[in-house]
Amino acid sequence: MAYADHPASLYDEIIEDRDYITVNGTTIPIRTSVIDEITEYTGETEIHLTRPSGDTHTLTAETPIPPRDELLGNLAAAQRAFDDRPVSTLQNLFDARLGPLHYTDTTAHFTVGEAIFDAHGQHGTGPLQGHFQSLGVKAAHLSEGFKIASTLPYHWVDGVGWEITRQELYRAKMGDGEIPEDRAPPIEDCFIINVPSVFPAKSFGQATNAPAEIVNRTISRTEQTLAETLLTKRMAQLDAIEQQHALLTTTIERGNLDRDLDEVPDLDTVAQQAFGISASGLASLRSQVKDRHNKAFETVRLLSESEDFNYVMEEFAETIDELGELAMLGTRYREEVLDEPPGFY
């Protein structure tokens, strides 16, 4: 497929000394100064924000902006609604407009179209939660995004490289029209969503110059692995790098990306640069992954040979999936309560 162009500075380090808000353990990529700005409009149903271009962006709603504590609670609820899969959710919204604005190693920032709320979720994630439609939450995210966009050399809507939607891609493949060059919605219909990232996207992007779609898939793969396995975050990140590095090189080989293959470093170099570790550190990480896999297979073998296997299946689990859920609960108990290494992954 053809990838949307993205600005060369998409992975630049533009955000320094940026302390984000944390509410009851939930990180919200919005600064205290932005919250202060929004709460000045407490009780009002209309707010005026200054765009990076200097003109005014107006937001209105029937429900007014709440007091500070309530706004923080709403922001935290909006983040938790992603169920630890914010980038997966945004990527899986059918025909939603998604424009990657900027990545750091801990956050991802996207310009989105208003129609994103009408898009239905696919591939294991739901729709975008309604929390983001409340005036306070929407204004806080948009204002934080404006602060980021004001430091960028490209426009926060026109220059972000909007991803091609599935419907556009399908129609193009069927010969029913071409993918439009200008996919940006009207500026009045755009706002920004800032989410935490479980993957060092900036370092990976700088190492590979990968298009935003592949970076998003890498983040999404990490989110999925963390949610469905007992691998550590770094192990899940390595798994994602290995998968997406292979996809990137295959895409170039097939001529679907205008880049020479020798422009992409080898897998080990990419992993070392993304993690900021040495060759020996990468070898140690791979050894840990291998050890975790071996323990998982050993657990399955012992389980299959156990006399209690049929009893567990008869009394507590009717399917292998349910048995797997029991295994996950048991290993989490070992890890979190007994402080023992998990025997499953």
If one computes the Cα centroid of the range 159-216 and of the range 218-271, what distance in Å separates the two points? 17 Å
Averaging sequence separations of C-alpha pairs under 8 Å and six or more residues apart, then dividing by the length of the range 95-196, give the relative contact order as a whole percent. 41 percent
Identify which of the listed values of Cα Rg over 2.2 N^0.38 Å was calculated from the structure shown: [x] 1.10; [y] 1.37; [z] 0.96. [x]
Just Asn74, Asn92, Asn294 to compare: in a GNM of the chain, with alpha carbon springs under 10 Å, which one fluctuates most? Asn294
If amide H atoms are modeled at 1.01 Å from N in the peptide plane, then the residues at a separation of 5 or more from Arg97, or on another chain, having amide H under 5 Å from its own are Gly113, Ile116
Please list 3J(HN,Hα) in residue order for the range 264-269, calculated via the Karplus relation 6.51 cos²θ - 1.76 cosθ + 1.60 where θ = phi - 60°; whole Hz, with x for glycine and proline. 9, x, 5, 4, 4, 5
Please give the helix 320-336 orientation as an angle from the longest Cα principal axis of the chain, in degrees from 0 to 90, rounded to the nearest 10. 80 degrees
Take the chain, connect every pair of alpha-carbon atoms lying under 10 Å apart with a spring to form a Gaussian network, then pick out the residue of Glu223, Glu307, Glu163 with the largest mean-square fluctuation. Glu307
What number, in percent, do you get for the relative contact order of the range 50-161 if the mean sequence gap of Cα pairs under 8 Å and at least 6 apart is divided by its residue count? 32 percent
Leaving out ligands, DNA and RNA, and with a 1.4 Å probe, what % of the accessible surface on the range 207-298 is carbon or sulfur? 44 percent
Which cross-chain or sequence-distant (5 or more) residues have an amide H under 5 Å from the amide H of Val23, H modelled 1.01 Å from N in plane? Ile28
Residue with peak Gaussian network fluctuation, the chain [Cα springs, cutoff 10 Å], from Ser197, Ser284, Ser220: Ser284
So which GluC sites (Glu not before Pro) in the range 28-134 are both in a DSSP loop and have at most 16 other Cβ atoms within 10 Å of their Cβ? Glu40, Glu44, Glu62
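Skip the ligands, DNA and RNA, and give the accessible area per residue of the chain with a 1.4 Å probe, whole Å².
50 Å²
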Does anyone have the angle between helix 279-305 and the longest principal axis of the chain? Alpha-carbon axes, 0 to 90°, nearest 10? 60 degrees
Which pairs, out of Lys138/Lys233; Lys138/Lys173; Lys147/Lys173; Lys202/Lys290, put more than 32 Å between their alpha-carbon atoms? Lys138/Lys173; Lys147/Lys173
Apportionment of accessible area to carbon and sulfur, the range 31-189, percent (1.4 Å): 45 percent
Under the Karplus curve 6.51 cos²θ - 1.76 cosθ + 1.60, θ = phi - 60°, whole-Hz ³J(HN,Hα) for the range 118-129, x wherever Gly or Pro sits: 8, 7, 8, x, 9, 6, x, 10, x, x, 5, 5
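The values are calculated or read from the model by the stated rules, or taken from the named source; none is laboratory data. These numbers were taken from a predicted model, which means no experiment stands behind them. Positions of Cβ are generated from backbone atoms using ideal geometry, with glycine treated the same way; all protein chains shown enter the neighbour counts. What goes into the accessible areas is simple: the full protein's heavy atoms, side chains included, and nothing from ligands, DNA or RNA. Shrake-Rupley method; radii C 1.70, N 1.55, O 1.52, S 1.80 Å.
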